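Taking it in order: structure first as C-alpha cells, then the write-up.
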Amino acid sequence: MKVLILCGGKGTRSYPFTEYFPKPMMPICGTPILVHIMRIYARQGFTEFVLSAGHRKEILEDYFDGRVRDWTIEIVDTGADADTGDRIRCCADHVGDTFFATYGDGLGNIDLNRLLAFHHARGAAATVTSVPLRSQYGTVVCDRSGKVAHFVEKPVIREYWINAGFFVFSRRAFDTWHGHNLEVDVLPHLARRDALFTFRHDGFWKSMDTSKDQQELERLVQSGQAAWTVLSPVPTWLPPQATALV
C-alpha cells in the first residue's frame, strides 16, 4: 500500500511562508507538517510514500535527500499549476491497485487499517474520511424571548460532516475520473456513480491553513496533547462487516 500526499499547491492562505516553501513544509515545533502526516501512516505500517509535488518541489527534493532510511519516498513533479484531481491522476502509474491519499496539511488520529477495511467491505472505488463540522465561532444559546442561557465555544456540529482527506482509492476510480478539481469535480462525479463512500471519523482532526492553526498545533505538541500520534478508539457506528475484516 502506497501513500500519495498532495504537496504541490501554492497554499495562498499560508502566504508569505508559501512564497518560498511548499505549504506542507510549514513546521510544527520545528518539524514540517508533512513529516507529521507521514508518521501517522508509518506508525501503522505504511512507509511507501509518493509526494505529488509542484510549487517549489526542489525544497522537497533537498529536504528528503538521504534523510530517511526506513521509508521509501518518491517525489513526482505534477506541475506548479495543476489542480488536486489532476495531481492524483498524474501519479496513477506510481501508486498500485489500491492506495491511500491525503492532503499535505491535515492531521488526525485515523485508524488506517479500519479505513482500508471499510473501503474493501463497501467495494468502493473511492472512500473519503469525514469528520463532524467544528464551528470556528462560539455560539449563543438562548430561549424564545432572547434571554441568553449560556455560550458554547466552537461547538462540534454533528449534523454536518466535512471532507477530512485521508482517502483510499482503487485503480478503477481512474476509469471514471472526471474533471480537474478533486473536491468540485472528481468526488461528486464518483458519488453520482454510486462509487464513493465515506468513513466517519469521530476522533481528532485538524487542518493547518493559517499561522493561527500552526500555533494551536504547536501548543498541542508542547503540552503533550498531540492527539494525531495516538489512534482514535473504534467508532461505535462502524458496521460489523467492516470490523470483521480487521
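Under a point spin-label approximation (7 Å from Cα along Cα-to-Cβ), what is the Gln215-Val141 distance to one decimal in nm?
2.9 nm
Quick one: of the DSSP bridges fully inside the chain, what percent are antiparallel, nearest 5?
50 percent
Leu231's amide H: which non-local residues (gap 5+, or another chain) put their own amide H closer than 5 Å, with H modeled 1.01 Å from N in plane and none for Pro or chain starts?
Those qualifying (amide H under 5 Å, at least 5 residues apart or on another chain) number zero.
Among the trypsin sites (Lys or Arg not before Pro) in the range 1-96, which ones are in a DSSP loop with at most 10 other Cβ atoms within 10 Å of the Cβ? Mind listing them?
Counting only loop positions with at most 10 other Cβ atoms within 10 Å, the trypsin sites (Lys or Arg not before Pro) in the range 1-96 are Arg67, Arg69.
Rounded to the nearest 5, what % of DSSP beta bridges with both residues in the range 1-140 are antiparallel?
10 percent
First compute the accessible area of the chain with a 1.4 Å probe, then give the percent of it belonging to carbon and sulfur atoms.
The nonpolar share, carbon plus sulfur, comes to 50 percent.
Rounded to the nearest 0.05, what FRET efficiency do Thr176 and Ala149 give with R0 = 41 Å and r taken as the Cβ-Cβ distance? Could you check?
With a Förster radius of 41 Å, E is 0.25.
Provide the per-residue ³J(HN,Hα) series for the range 37-49, in order, calculated from phi with Karplus coefficients 6.51, -1.76, 1.60 and θ = phi - 60°, each as a whole number of Hz, with x at glycine and proline positions.
5, 4, 5, 4, 6, 5, 4, 9, x, 10, 10, 9, 10
Leaving out same-chain residues fewer than 8 places away, which lysines sit with a Cα under 26 Å from that of Lys147?
The qualifying lysines are none; the list is empty.
Mind listing the long-range amide H neighbours of Leu4? Cut-off is under 5 Å, sequence gap 5 or more, other chains count too, H placed in the peptide plane at 1.01 Å from N.
It is Val50, Phe100, Ala101, Thr102, by chain and number.
Using the scaling law 2.2 N^0.38 Å as the reference, what is the normalised Cα Rg of the chain?
Ratio of Cα Rg to 2.2 N^0.38 Å: 1.05.
Taking the chain as a Gaussian network, Cα atoms linked when under 10 Å apart, which of Ser52, Ser211, Ser135 shows the biggest mean-square fluctuation?
Maximum among the listed residues: Ser135.
Can you pull the accessible area of Leu196 for me, 1.4 Å probe, Å² to the nearest 10?
So the heavy atoms of Leu196 present about 40 Å² to solvent.
The values are calculated or read from the model by the stated rules, or taken from the named source; none is laboratory data. What you see is a predicted model, and the numbers here were worked out from it, not measured in a lab. FYI the Cβ positions are ideal-geometry reconstructions off the backbone, even for glycines, and counts take in every protein chain you see. Surface accessibility is based on the protein's heavy atoms, side chains included, excluding ligands, DNA and RNA. Shrake-Rupley method; radii C 1.70, N 1.55, O 1.52, S 1.80 Å.
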